[in-house]
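Reading through the structure tokens given below for one structure.
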Amino acid sequence: MAKVNKSRSASPPDGGWGWMIVAGCFLVTICTRAVTRCISIFFVEFQTYFAQDYSQTAWIHSIVDCVTMLCAPLGSVVSNHLSCQVGIMLGGLLASTGFILGSFATSLKHLYLTLGVLTGLGFALCYSPAIAMVGKYFSRRKALAYGIAMSGSGIGTFILAPVVQLLIEQFSWQGALLILGGFVLNLCVCGALMRPITLKEDPSSAEQNHVCRTQKEDCKQASPYPPLAKERVQTCLCCSLQQEYSFLLMPDFVVLSISVLFMAYGCSPLFVYLVPYALSVGVSHQQAAFLMSILGVIDIVGNITFGWLTDRRCLKNYRYVCYLFAVGLDGLCYLCLPMLQSLPLLVPFSCTFGYFDGAYVTLIPVVTAEIVGTNSLSSALGVVYFLHAVPYLVSPPIAGWLVDKTGSYTAAFLLCGFSMIFSSVLLGFARLIKRMKRTQLRFLAKESDPKLQLWTNGSVAYSVARELDQKDEESVATAVPGYNLT
């Protein structure tokens, strides 16, 4: 393969080849997230063929989701240290191999290893690097670009759900898995589109990055003293990790991470149990698959419209609020689901849940970028998707266990709904506390120096406001003359 040529730009181009990056990410989300959702269509087939209960069968979907998110930091590492192109192509080969080997499975344990672990690892190498690449090419229209890119999940679900059901009917589940294995090889084509780009470094991290680069160059120089060489390599590795993951100690990122755990627990079981639940209330197989298609196509509307709306000037500063609003409404939809026991009632549910699911999925990378910045976005997204792993692993089996014990889906759906509502409330409460603290600091600053009141329309006021918003009290005391910490 020819040496990769990196595009160089002082700022994100907001267009040009960036739209090809969006197209590539769009295809990646089809081949990863949409295909993962469609694995739930195999649920009844696996359960019947292997004669297993709900909780045992649910582990297949849980493992592929868990491994995809658990290994997301690995995808970021491969992307950062080799290239996004190499990572996605390798991931496509691994995912395809998992599907093909899964078609020859003779037990659920074989599917756990092939369709679960191997395919999930391949998806992990593709998903977060492709999403991070969109953030590097767009700034002003970032939410819209992410809305289009992430809509691949909905479009893919809409198209693939009935197609997969048809493939199962025509070729059995083994043949359907084999065909899907060939389909996900398109990830290799997506990887070829991901042209790297080098952006101007943030001023706050430029000095630190220069020091780290200097130390990395020193690491490459041979040393006649092995202990000194070993110490130099350790220093290099520590500096590299500190640079890539310094955002982990940011309070806003910690709160977002905790919220993501509860949100991920709630969102996953629906894509496993919507089809079985619909079948249990008398809906036909084709109509149940149609519900997944509706969920997918409305997901597209949520992706694009929320991305476009939150790029408008009136909402651009409220993306965080829009995100928690969408998560909370999905939780409310869950609470209503046990009362919906016919196709005419399940269709509006699929529309509502799908819309707000697309909305908050679009805003996850946008909100993360606002917290950590563009340069750390790839690593931060790796951590955010890593935090999805454990909830994705345990929530479908827990829901299946509740169904087996109670004989009803009610307890499982209520638990998921309250989990998503708590995620939204936690974010809102944290933002409220931060706003109150910022107001208090601003009031104390004005009380300490009356001259500060004369700066409200000048550039100094803007600088002080940024200090009040982003720094601690000692930094504010330095920025504002006369400010007293006591």
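The values are calculated or read from the model by the stated rules, or taken from the named source; none is laboratory data. Here the structure is a predicted model, which is why all the values come from computation and not from measurement. Positions of Cβ are backbone-derived with ideal geometry, glycine not excepted, and every protein chain shown enters the neighbour counts. Remember, those area values only see protein heavy atoms, side chains included, never the ligands or the DNA or RNA. Shrake-Rupley method; radii C 1.70, N 1.55, O 1.52, S 1.80 Å.
Tabulated data
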quantity	calculated
Residues of the stretch 55-97 with amide N under 13 Å of a point placed 7 Å along Cα→Cβ from residue 404	55-60
Area accessible to solvent at residue 388, 1.4 Å probe radius, in Å²	10
For the stretch 86-203, accessible area per residue (1.4 Å probe, heavy atoms of protein chains only), Å²	35
Residue 14/residue 159 FRET efficiency (R0 25 Å; Cβ-Cβ; nearest 0.05)	0.30
Label-to-label distance, nm, for residues given as residue 45 and residue 287 (7 Å Cα→Cβ offset)	2.2
Net length gained if the chain between residue 339 and residue 52 were fully extended (0.36 nm per residue, minus Cα distance)	100.6 nm
Spin-label pair residue 432/residue 316, simplified geometry with 7 Å Cα→Cβ offset, distance in nm	2.9
Inter-label distance for residue 192 and residue 140, nm, one decimal - labels placed 7 Å from Cα along Cα-to-Cβ	3.3
Counted charge near residue 367, where neighbours are those whose Cβ lies closer than 13 Å (Asp, Glu -1; Lys, Arg +1)	+2
Net +/- balance of residues flanking residue 117 in space, Cβ distance below 12 Å, scoring K and R +1, D and E -1	0
Compactness of the stretch 128-179, expressed as Rg and Dmax over alpha-carbon positions, Å	16.2, 47
Between the stretch 112-144 and the stretch 349-392, the alpha-carbon center distance in angstrom	11
Accessible surface of the stretch 279-380, 1.4 Å probe, proportion on carbon and sulfur as whole %	69
Estimated D of the stretch 116-206 in µm² per second, where Rh is the Kirkwood radius over Cα pairs and Stokes-Einstein applies at 37 °C, 0.692 mPa s	207
Local net charge near residue 352, Cβ-Cβ under 13 Å (Lys/Arg +1, Asp/Glu -1)	-3
Cβ-Cβ FRET estimate between residue 104 and residue 332, R0 fixed at 60 Å, reported to 0.05	0.90
Charge-dipole axis of the stretch 249-330 as Lys and Arg at +1 and Asp and Glu at -1 on Cβ define it, positive-most pick from 297, 309, 264	309
